[in-house]
Amino acid sequence: MAKKIVILNGSPRPNGNTAGLIASFTEGAKTAGHDVREFRLQSMKIAGCIGCLQGGKDPASPCVQKDDMDKIYPAYVEADIVALASPLYYWTISGQLKCAFDRLFAVAECDPNYANPKKDAILLMAAEGNDYGEVTLWYDRLLDYLGWKDRGKVLAGGVMQIGDIAGKPILDEARKLGAGIV
């Protein structure tokens, strides 16, 4: 059965190494018949969460702030899988991705118990080095808290400059992850 996959792309580089991972993952997922929708957060107008706890009144537009998150909310609600894609910045995800993810709380506010919709998740990450300890700890704890299931992580180290990822076997790993979703 085809899955709906939302990719939250937190990379500021439109053609960077994270984009390479996303392209390979998307190719595999589409080959397997899945519907993939990517949101390039850097090119969107998304304000930071203001912690007002006033969201959830309108499921179609759950946050009181009106910006490009309104493009993400419907796709997020319908998604079976959410892929978090980011370069590794100071041992965690980019600010762009963190900002957008924080704003997803407005969807949880639609539920009287603040329950987040249940999703499967994927982590796609590019980095200069290979120390993913902090970010994988954050990701695993996030999924545990949300009650989400991890579908896999593709961590591409040694790719700092734009284009460093080209031709690397990690792209095949990303493609296989997308193609292997059932």
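For region 116-140, what are the residues that are over 14 Å from the mean Cα position of the chain (by Cα) and farther than 23 Å from GLY55 by Cβ? Break it down stepwise before answering.
Going through region 116-140, the residues over 14 Å from the mean Cα position of the chain (by Cα) turn out to be 116-118, 127-134, 137.
ALA127, GLU128, GLY129, ASN130, ASP131, TYR132, GLY133, GLU134, LEU137, listed by residue number.
Assess whether LYS118 counts as being of a type outside the set (Asp, Glu), buried (at least 18 other Cβ atoms within 10 Å of the Cβ) and touching a residue at least 12 places away in the same chain (Cβ under 8 Å).
On the way: of a type outside the set (Asp, Glu): yes; buried (at least 18 other Cβ atoms within 10 Å of the Cβ): no; touching a residue at least 12 places away in the same chain (Cβ under 8 Å): yes.
Considered against the rule, which asks whether it is of a type outside the set (Asp, Glu), buried (at least 18 other Cβ atoms within 10 Å of the Cβ) and touching a residue at least 12 places away in the same chain (Cβ under 8 Å), LYS118 comes out as no.
Among the strands (runs of 3 or more DSSP E) lying completely within region 1-104, list those that include at least 1 residues that are open to solvent by 10 Å² or more (accessible area, probe 1.4 Å) and touching a Lys or Arg at 6+ places or on another chain (Cβ under 7 Å).
Here the list reads 35-40.
The values are calculated or read from the model by the stated rules, or taken from the named source; none is laboratory data. This one's a predicted model, so the numbers in the text were calculated from it and none came from an experiment. FYI the Cβ positions are ideal-geometry reconstructions off the backbone, even for glycines, and counts take in every protein chain you see. The protein model used for the area step is the full one, side chains on, heavy atoms only, and it has no ligands, DNA or RNA in it. Shrake-Rupley method; radii C 1.70, N 1.55, O 1.52, S 1.80 Å.
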